[in-house]
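First comes the structure, then the notes that go with it.
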Amino acid sequence: MLPPRNLLQKQGDAQFLKTVILPKEKWIPHPAYNNRAGWDKLFKNEKADIISEGERFLSYEWKVIKATDYIEFSLSGSRSIMELPYNKNINAVYSLFLAEMAEGKGRFINQLMNGAFNLCEMTTWAASAHLSIQLNHKKFPDHKQQIIDLVSGDIGSMFSWIYYFLHTEFDKREPLIAERMQYELERRIMQPYMTQDHFWWMGFGKNPNQMVNNWNPWCNSNVLQVFALMENDPVKLSKAVYRTMLSVDKFMNYNKDDGACEEGPSYWGHAAGKMYDYLQILYDITGGKISVFNNPLVKKMGEYISRSYVGNNWVVNFADASAKGGKNAPLIYRYGKAVGSAEMEAFAAYLIENNKDELKIASGRDMFRTLQGMLYNNEIINIKPALPSEAFIWYPQTEFCYMKNKNFFFAAKGGYNDESHNHNDIGTFCLYMDTIPFFIDAGVGTYTRQTFSSERYSIWTMQSNYHNLPEINGQQQQYGLQYKAKNVSFNPKQQKLSMDIIGAYSKDAEVKSWQRSYTFSDKGLLINDAFELLATKEPLKFHFLVWSNPKMIKPGTLSFEREGKTVLMNYDFKKLGWSTETIPLQDRQLSAVWGDEVYRVTFISKRQDLKGSYNFIISKGK
């Protein structure tokens, strides 16, 4: 095992930080609240819209999150019962704050104080689905402890910016409001962060194989904002900042040298994107004295997002990632500018060219990104739009492979079956023609209690039988760190990816070797499965998840049509029979991407041979 990179720790310790951390007024580039000309310049022609949005909440009735809303997660697995009213409150606070910063007349402050007071009165800021982080692992808020999750961190950073800009205005009406906000930030964020190591996302556990995913940079970027804006003791501040550096190093160490995001493009903004936010804040508060923007890994992690874009809003999606997602042009531009990636800057400009709304001041609750967007969004319009032009991208450590030509975009993966947001999908692929998905990965449905529990792999979207993979002797792939691809190789000259996927199956599959290979060309894709079994218990099955209901043109040829385009799939009908299954999509998150249904095509072997091979040829139809 290679030694940890520890890129941030190598930049300096807490003592060094004490000498370089700047006063707030030196690193915050935004004007003071009462500098109306400065804010008018930042809001530009969106000022009226921002104010109008805030006006919607001037008579907003603040929602009460009931005890039973938390309990519902344990009863039915539903997160939304608690999250929907909670998110409405959070978004109302965000909108009221922005409206006040845009108008500057004090008209929104009373209602903003109401919202802040409402949040301060809550037992916890964490979401019901995350309460198992509590030391007692109960799923009901424990008033005796505070935890830091994604939502509590978001509120913490938002509160810190509100306090920084408006605490003087609050004090004119009721000083205890701002004082209460300061107290709650200390109690809920600052004190737990400095005294607790049990938050799994911090990466301080003893397990060397511990997963460190998007939670780490997401939570740490929020925590860093809280300390940078609220902590006035330079010794305490430097210790806190250094602790965040130790933690974010765990995330950067976990990521492979190739820079791929195993969570997929729709999580990139929360993973590498949040890492960028964190690194930018760290750069700003230290006047650039702590910076890893020139490190190749950081640049590779950024360029993953531009290289995973297929076209027409479709992206390569493995694991829980959606087939549509990850397109945050302002974030991509700022990241690209920081690391010197012309590719990312051009990709951001491409996204803007195709959707001007990307330049609008964002809604939601990510205050740092909103404030950053005000500073840099205008720069993007001067960048020439372009997509990456590489014919192939190979991520050798993560084992992702992308190949494209004038007709097709191909993506496949090796890896292992314990990746972040894992699906049992070693060896699967996706294929797009003219940017239209034909052979797909469904993604994931709405998150429930079941999604992140021992029941996860009872959900069909997680199972290998609902990916583009074989079922061997009645067995599908298994979950676990030990289930992984073997002998993965990519030959760019031959445009060929191959791997032995035997390691993804249990001993019950009775398989000695199973070599899956993909050979890509202008004509299409050749899939070859060469196998050797120890026994034959059941006919072999080859599953393919597709977006179009197949039609048999003739024996050995299936046709798939979508949006006026046709793809053909050839197989040996003497060796294989086939069937198709319609999969209704009743989950809103899935149907929002794919519509009412997708289809699974299954080829079934007519012979039970111990050794053999099967070919599937996919080509462009007329």
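Is region 397-514 rounded, prolate or oblate when judged by the Cα gyration tensor, a ≥ b ≥ c being the square roots of its eigenvalues, rounded requiring a/c under 1.5 and prolate requiring a/b larger than b/c?
Oblate shape, in that a/c is at least 1.5 and b/c is the bigger or equal ratio.
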Using the per-residue mean of other Cβ atoms lying within 10 Å as a proxy for protection, in what order, highest first, do the peptides 452-458, 346-352 fall? 346-352, 452-458
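Rank these for me by crowding, Ile440, Ile65, going from fewest to most other beta carbons within 10 Å.
Values: Ile440 25, Ile65 20.
If I rank by nearby Cβ atoms, fewest first, I get Ile65, Ile440.
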What residues qualify as long-range amide H neighbours of Phe439, i.e. H under 5 Å apart, gap of 5 or more or another chain, H built at 1.01 Å from N? Leu431
Both in Å, the radius of gyration and Dmax of the C-alpha trace of region 31-196 are 16.9, 53
Here the FRET efficiency for Arg173 versus Phe16, based on Cβ atoms and R0 = 45 Å and rounded to 0.05, is 0.60
Along principal axes, Cα extents of region 438-477, largest first, whole Å: 31, 26, 8
Need one word for region 210-364: rounded, prolate or oblate. Basis is the Cα gyration tensor (sqrt eigenvalues a ≥ b ≥ c); a/c below 1.5 gives rounded, then a/b vs b/c decides. prolate
Return the sequence-ordered ³J(HN,Hα) values of region 438-453 in whole Hz as given by the Karplus equation 6.51 cos²θ - 1.76 cosθ + 1.60 applied to θ = phi - 60°, using x for Gly and Pro. 10, 9, 10, 10, 5, x, 9, x, 4, 5, 9, 4, 4, 4, 10, 9
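With runs of 4+ DSSP H residues as the only contributors, calculate the mean residue ellipticity of the chain at 222 nm using -39,500 (n - 2.57) per run, divided by the residue total and rounded to the nearest 500.
On the way: 19 runs with 226 residues, N = 622.
After summing the helix terms and dividing by the residues of the chain, the value is -11500 deg cm²/dmol.
Can you check what the net charge comes to around Pro555, using other residues whose Cβ is under 14 Å from the Cβ of Pro555 (Lys, Arg +1; Asp, Glu -1)?
Numbers: positive: Lys551, Lys554, Lys574, Lys575, Lys606; negative: Asp572.
Summing Lys/Arg as +1 and Asp/Glu as -1 gives +4.
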Whole-Hz Karplus couplings 3J(HN,Hα) for region 239-252, θ = phi - 60° and coefficients 6.51, -1.76, 1.60, Gly and Pro as x, run 5, 5, 4, 5, 4, 5, 5, 4, 6, 5, 4, 4, 5, 5
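Can you work out D for region 498-622 in µm² s⁻¹ from Stokes-Einstein, where Rh is the Kirkwood radius over C-alpha pairs, the temperature is 10 °C and the viscosity is 1.306 mPa s? Mind dumping the intermediate values first?
Details: Rh = 16.1 Å.
Answer from the Stokes-Einstein relation: 99 µm²/s.
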Low-density loop positions, GluC sites (Glu not before Pro), region 45-97 - DSSP coil, at most 14 other Cβ in 10 Å: Glu61
Rounding to the nearest 10 and keeping the result within 0 to 90°, find how far the Cα-based axis of helix 175-185 lies from the longest principal axis of the chain. 40
So the angle from the long Cα axis of helix 329-339 to the longest Cα principal axis of the chain, reported in degrees to the nearest 10, equals 90
Name the residues whose placed amide hydrogens come within less than 5 Å of the amide hydrogen of Val598, ignoring near sequence neighbours (fewer than 5 apart) on the same chain. Ile583, Leu585
How do Thr602, Thr244 rank when sorted from fewest to most other Cβ atoms within 10 Å of their own Cβ? Thr602, Thr244
Give me the distance in nm between label points sitting 7 Å out from Cα along the Cα-to-Cβ direction at Leu135 and Lys88, one decimal. 3.6
Near the amide H of Val310, under 5 Å away, which other amide H atoms are found, from residues 5 or more places off or on another chain, if H is placed in the peptide plane? Val315, Val316
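For the chain, what value does the Rg/Rh ratio take when both radii are computed over Cα atoms and Rh is the Kirkwood radius, given to two decimals?
Values: Rg = 25.9 Å, Rh = 26.1 Å.
The Rg/Rh ratio comes out at 0.99.
Counting pairs of Cα atoms in region 392-620, how many percent are more than 33 Å apart? Intermediate results must be reported in sequence, preceding the final value.
Details: 2882 of 26106 pairs.
Of all Cα-Cα distances in region 392-620, 11 percent exceed 33 Å.
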Distance between modelled label sites at Lys63 and Ser559, nm, 7 Å Cα→Cβ extension: 4.9
May I ask you to evaluate 6.51 cos²θ - 1.76 cosθ + 1.60, the Karplus curve with θ = phi - 60°, for each residue of region 458-466 and list the ³J(HN,Hα) values in order in whole Hz, giving x for glycine and proline? 8, 7, 4, 5, 8, 8, 5, 5, 10
In this model, which of Lys523/Lys620; Lys63/Lys144; Lys10/Lys206; Lys484/Lys507; Lys404/Lys496; Lys523/Lys565 are farther than 18 Å apart at the alpha-carbon? Lys63/Lys144; Lys10/Lys206
Label-to-label distance, nm, for residues given as Lys622 and Gln586 (7 Å Cα→Cβ offset): 4.3
Taking the Cβ of each residue in Ile133, Ile381 as the centre, tally the other Cβ atoms inside 10 Å and list the residues starting with the fewest. Ile381, Ile133
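Read-outs throughout are calculated quantities, based only on the coordinates presented, and are distinct from any laboratory measurement. Since this is a predicted model, take the numbers as computed values, not measurements. Positions of Cβ are generated from backbone atoms using ideal geometry, with glycine treated the same way; all protein chains shown enter the neighbour counts.
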